[in-house]
Amino acid sequence: NHPQHKRLVFSTVPICVQVGEAAAEYDPYKVLGVSRSASQAEVKRAYKTLAREWHPDKNKDPKAEDMFIKISKSYEILSNEERRSNFDRYGQMDENQPFGQSQHHGFRGFHNSFYFDESFFHFPRSRDFADSKYLLHHAQFNSDVLPDSHKRPYLIKVTSEWCFACIHIEPVWKETVQQLEPLGVGIGVVDMGYERRLANQLGVHRVPSIIGLLNGRVTLFHQAVVREHLQQFIEDLLPHRLVEKITDNNYLAFLDSWQVENKPSVLLFDQVPIVPLLYKLTAFAFRDYVRFGFVDQGDPQNTRILQQFNINTYAPTMLLFKEDTEKPVDIIQARGMKRQIMDEFVSNNKFLQVPRLVNQQLFDELCPVKQFHRRRKYCVLLITGEDQAFLPSNKAFLDFATANSKEVLRFAYVYQRQQQPLCQALLHSQVSLTPQVVILERRSQAGKVMYRSVNGGWNGSEEDKYRLHEHLELLQKDPAYLSSDATLPELNNEMAPIFIIRWVNAACDYILQIYDDLLYSNWREMMPILSLIFSALFILFGTVIIQAFSEPGENKPQKPKPKEQSQTEDDASSRTSTSSRPPKKDFVEVTELTDITYTSNLVRLRPGHINVVLVLTNASKNALLRKFAKEVFSFSGTQTLHFSFLNADKHRHWMPSLFHSASDATDGLSDEDDESSDYTGHVLALNGHKRYFCLFRPVFTGDDPNSSSSETSSRSSSSEDGSRPKRASSRATSIEVHHKLDKLGLWMERLMEGTLPRLHVPVWPSLDETANTCSMES
């Protein structure tokens, strides 16, 4: 009935047809080369292969970038089950959006006739014109943005082409950029679809996201996207003590600190009670050169400072002071203070009139390397001291520099004690007691300089000023006046914080970062740290639990099997002893063999256990016990070894009785059955169950000159195998007591190996002297 409606219907048919053709023409399955039934693993594998092949950084084909975009878009659709299902059913990415380049080609032919493009269907633009100049790439970010973040903060937005939520924050983002960029805040945009590696480096895994970058550290923005919140977010990134609040009470101390800080001072006067963000950003950019203070003109406590410097209260004012704290060297005053004006104002005055060289960076900027003849820079250097006696000469040098300030001359001073390598190179390793003046010109970055010392030193007298002025006049007429050359070492950084302060600051930053990640549940970034912490705790508690449960089992006696007892009991000590363990204690328990402990420690000793007994006297007890504990400490972890000592003064008949019992089975101990023998330093390894023992005889290193080295070596070797050499009257016995056990460690190793000879006894003698005497007579 209405012809206009009919024309509208017929006019929209070609549009829908062209959209459908574009969608059908641009098939993500064909782009990735997978079938419609392909699994997610196959889709991901195909995407990685094609992305590696068509990445623009590796593929120089002109079509590589377009192909890489198609591959990335195809993977975004097929990797999402909902988008993939919509495309399989309707040929669309989601409920309202056709796929692929229909947004670029499907409507482009009708744009001029119907005056609408992809924004008619609420498509996000592939590259917004407003954001195009802020786009960041991985290489550009690491080479330009990351170093520049040490001079100014960056506000970076992470987005993608298929991000519908990004559309809602666009008005706020554009308004914030227009406000912050003129102040000096760096702006960046990262497209996650094209720069996944950069997004991963920034720690961003979802869009839209906004991050702040300062000093190379990334901070995520977690609040509502409002302009005020974004501005406060930038202010929170900056250091808190960046600008000092100045009043009548502290402005003199602030200006007088130029000598300690080695920096000029800037005062900003304004009517607002808080420091403007523009001023904070300027202070951050020049924080290494200038100190900044803020004065609130509306505060009644600041009347004296306003009157002293005659400040106009109707416009913001900046004053810059150097060595003279009563008169500023430069002033600017403007109602609309611009960042460019402030940067130029500070950069032209970022050094004192005569600064002190405190690090290599300051030296490089004050005295740059000569590049062209017309750009020569001569550095007039005063080598002085820190004491009060040097103040008059230092003040005179400052007055001379102020009166002779020229573009080609840079005046500086250095403390000889703080920069000894530099001063030794210029003064030929001589320590000067009076200040010296050196004129130099840098010729290379490696430290080569041409210089000339001013004769007579520097006391600040009129004669010294005239002499220095004459040298400078001759230098300007003839640059070859600098006749000496030297290679200067790198300057010490006097302002560098000590290691403990740097470590504490780094630890605080790390703790704050962990707290921020935990507070906002950034689990993806926290997973490596949490995994490391839980792994360490698991290993720690697992080790404690294993030791707690295994300790009782190790203390239980090992019962031999009845069937193997007759065959293996002879070698029980050798098998159990070889499985030595490290000591569990830092001392050795040594018990004394007495009438009470004798039965349990020897006669009824458990099978397979050995008691190592040291024979000593009251006089040698302390020395021998210390040496004995030192030699057997490494074997004290073995569960089958016990350590005891026998006092020969109390039981002098026990050793002869033991040797008498053993002499029935062997003739090697015939000479030991003598009560007059000295048994001090003998060590016995007693197997109470099998009734045998191994003998260690002490090492004799006497002072008799008649004893030959061959005899000494034969005695040393025989003392370990249990055989007894014949007595010799010439053998010395006057030795230091603790040397008797020098070879006990080697003997213990042979004991653990089971290679020592064993001397059997029919019965263990008693410690009772009467019983032993009766046994020997019988």
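The values are calculated or read from the model by the stated rules, or taken from the named source; none is laboratory data. This is a predicted model, so every value here is computed, not measured. Neighbour counts run over all protein chains shown; Cβ positions are idealised from the backbone, glycine included. Ligands, DNA and RNA are excluded from the accessible area calculation, which covers all protein heavy atoms including side chains. Shrake-Rupley method; radii C 1.70, N 1.55, O 1.52, S 1.80 Å.
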Please list, in order along segment 642-651, the HN-Hα scalar couplings obtained from phi with the Karplus expression 6.51 cos²θ - 1.76 cosθ + 1.60 (θ = phi - 60°), rounded to whole Hz, x for Gly and Pro. 10, 10, 9, 9, 10, 7, 5, 5, 8, 10
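In debye to the nearest 20, how big a dipole does segment 131-237 give about its Cα centre with +1 on each Lys and Arg Cβ and -1 on each Asp and Glu Cβ? The partial results should precede the final answer.
On the way: 10 positive and 12 negative charges, 47 e Å.
Rounded to the nearest 20 debye, it is 220 debye.
Beta carbons within 10 angstrom, averaged per residue: use that to sort the peptides 739-749, 478-488, highest first. Working shown, then result.
Numbers: 739-749: 18.6, 478-488: 12.8.
Listed from highest to lowest mean packing, they are 739-749, 478-488.
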What figure in square angstrom, to the nearest 10, would you give for the accessible area of Arg652 with a 1.4 Å probe? 130 Å²
Tell me, what is the 1.4 Å probe accessible area of Phe286, in Å² to the nearest 10? 30 Å²
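Could you work out the relative contact order of segment 28-89? I mean the mean sequence separation of Cα pairs under 8 Å and 6+ apart, divided by the number of residues, in percent.
Values: 53 pairs, mean separation 23.9, N = 62.
Here the relative contact order equals 39 percent.
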So for the pair Arg52, Ser484, with labels modelled 7 Å out along Cα→Cβ, what separation do we get in nm? 6.4 nm
Zone residues, segment 452-484, relative to Arg443, backbone N less than 12 Å from point 7 Å out along Cα-to-Cβ: 452, 480-484
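What part of the accessible area of segment 131-237, given as a whole %, is carbon or sulfur when the probe is 1.4 angstrom? Each step should come with its number before you reach the end.
On the way: 2420 of 4720 Å².
Ligands and nucleic acids excluded, carbon and sulfur reach 51 percent.
Taking R0 as 25 Å, what FRET efficiency do you get between Leu427 and Lys406 from their Cβ-Cβ distance, rounded to the nearest 0.05?
Values: r = 26 Å, r/R0 = 1.03.
Efficiency, from the Cβ-Cβ distance: 0.45.
Taking only protein heavy atoms and a 1.4 Å probe, what accessible area per residue, in Å², does segment 178-243 have with all protein chains in place? Could the numbers behind the result be given before it?
On the way: 3160 Å² over 66 residues.
I get 48 Å² per residue for this part.
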Reported to the nearest 10 Å², His222 has, with a 1.4 Å probe, an accessible area equal to 70 Å²
Step through the residues of segment 272-286 one at a time and calculate ³J(HN,Hα) from phi using the Karplus curve (6.51 cos²θ - 1.76 cosθ + 1.60, θ = phi - 60°), rounding each to whole Hz and writing x for Gly and Pro. 7, x, 10, 6, x, 4, 4, 6, 5, 5, 5, 5, 5, 5, 10
Centroid-to-centroid separation of segment 323-399 and segment 265-301 [C-alpha atoms, Å]: 21 Å
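How do 447-458, 348-359 rank on mean C-beta neighbours within 10 Å, highest first? Kindly include the intermediate steps, with their values, before the conclusion.
Values: 447-458: 17.2, 348-359: 18.8.
Taking the mean over residues of other Cβ atoms within 10 Å, the ranking is 348-359, 447-458.
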Multiply the residue separation of Phe633 and Thr303 by 0.36 nm, subtract the distance between their alpha-carbon atoms, and state the gained length in nm to one decimal. 110.8 nm
Sorting Phe292, Phe538 on solvent-accessible surface, 1.4 Å probe, most exposed first, gives Phe538, Phe292
Of all DSSP beta bridges located in segment 360-487, what percent are antiparallel, nearest 5? 65 percent
Of the accessible area of segment 360-487, computed with a 1.4 Å probe and all protein chains kept, carbon and sulfur make up a percent value of 49 percent
Separation of the Asp330 and Glu344 label points, Cα + 7 Å toward Cβ, nm: 1.0 nm
Any residue on another chain or 5+ positions along whose placed amide H is under 5 Å from the amide H of Ser644 is listed here as Thr591, Val612, Val613, Leu614
Under a Cβ-only charge scheme (Lys and Arg +1, Asp and Glu -1), can you give me the dipole magnitude of segment 232-369 about the Cα centre, in debye to the nearest 20? 120 debye
